[in-house]
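See below for the structure under consideration.
Rule-based calculations on the coordinates, nothing more; no lab input. Quick caveat, the model's predicted, so the values are computed rather than measured. Please note: Cβ atoms are built from the backbone with ideal geometry, for glycine as well, and neighbour counts cover all protein chains shown.
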Amino acid sequence: MPALGITGGVATGKSSFSRALLRYLSAEIFDADRCAHDLLAEDEGVQKAVVAAFGDDVIGQDGRPDRARLREIVFANPGKRRHLEQILHPIIRDRWMGLAGEAARSDHWFCADIPLLYETNAQSHFAAVIVVACAPRTQRARLREQRQLPNEIAENIIASQFDLTTKVAQADYLIWNDSSDSCLDRQARLLAGALHRRFPHG
């Protein structure tokens, strides 16, 4: 089956949508953020590269890179953010591309949740791209209230990504996640139906 890309902005609800979609589409979902988290927590090569790039200050009490400290550093300095991306992105890309290749030879769906899908010019690898978006005020409220991020870091994270309107304009399918869980679920059900019609062998 073809691979599907899922993207959007930070805190627009990509993970919530992916969980909803799984209720209606039998699919494997690759989460790029989770992959990055696992690499920082478990991959010794990545850990060594991060410490070499950012110094011992990023090491937490468990001896691994502290993600909160690393986030403060990279989202305050675009150059350092790009350096971290150069460490993580090639590994993450190899993983989802391998899974997408396996799915193409099988009869199961594969969806890759990649926040920086358009920023890394990955859209050509997917049969369709789903953008999960919401109003800017909703996005900021979630970052502030749910993730407890200071305004400065939240704004830096938003600024590091393409504007949501740019992503929406390029989307094959748009999910508007500015309301209730039931509304998101209904959109997931409708989209699953549309995907089954477009790719009838799935």
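For the stretch 110-120, what does the Karplus curve 6.51 cos²θ - 1.76 cosθ + 1.60, with θ = phi - 60°, yield as ³J(HN,Hα) per residue in whole Hz, taken in order and with x for Gly and Pro?
Per residue, the Karplus-derived 3J(HN,Hα) values read 10, 10, 10, 8, 10, x, 9, 4, 6, 5, 9 Hz.
Return the Cα extents of the stretch 61-176 along principal axes one, two and three, sorted largest first, each rounded to a whole Å.
If we take the Cα atoms of the stretch 61-176, the spans are 43, 37, 24 Å.
What are the ³J(HN,Hα) couplings of the stretch 190-195, residue after residue, when phi is run through the Karplus curve with 6.51, -1.76, 1.60 and θ = phi - 60°? Round to Hz, x for glycine and proline.
Once rounded to whole Hz, the list reads 5, 5, 4, x, 5, 5.
Residue farthest toward the positive end of the dipole of the chain, with Cβ of Lys/Arg at +1 and Asp/Glu at -1: which of CYS183, ALA133, ALA32?
My answer, from the dipole projection, is CYS183.
Taking amide H positions as placed in the peptide plane 1.01 Å from N, state which residues far from GLY8 in sequence (5 or more) or on other chains have amide H under 5 Å from it.
LEU117, VAL132
Find the relative contact order for the chain and round it to a whole percent, using C-alpha pairs within less than 8 Å whose residues are 6+ positions apart.
Numbers: 265 pairs, mean separation 79.8, N = 202.
Relative CO of the chain lands at 40 percent.
ALA128's amide H: which non-local residues (gap 5+, or another chain) put their own amide H closer than 5 Å, with H modeled 1.01 Å from N in plane and none for Pro or chain starts?
GLY5
Out of all DSSP beta bridges in the chain, what portion is antiparallel? Express it as a percent rounded to 5. Walk me through the numbers on the way to the answer.
Numbers: 1 of 19 bridges.
Of the beta bridges lying entirely in the chain, close to 5 percent run antiparallel.
Can you give the angle from 0 to 90° between the axis of helix 78-104 and the longest principal axis of the chain, with both taken from C-alpha atoms, to the nearest 10?
The answer is roughly 30 degrees.
For the chain, what is one quarter of the convex hull surface built on the Cα atoms, given in nm²?
Numbers: hull surface 45.4 nm².
For the chain, averaging the hull's shadow over all directions gives 11.3 nm².
Work through the residues other than ARG19 whose Cβ is under 15 Å from its Cβ and net out their charges, Lys, Arg +1 and Asp, Glu -1. Display every interim value, and only then the final one.
Details: positive: LYS14, ARG23, ARG34, ARG186, ARG189; negative: GLU28, ASP31, ASP33, ASP113, ASP181, ASP185.
Local net charge: -1.
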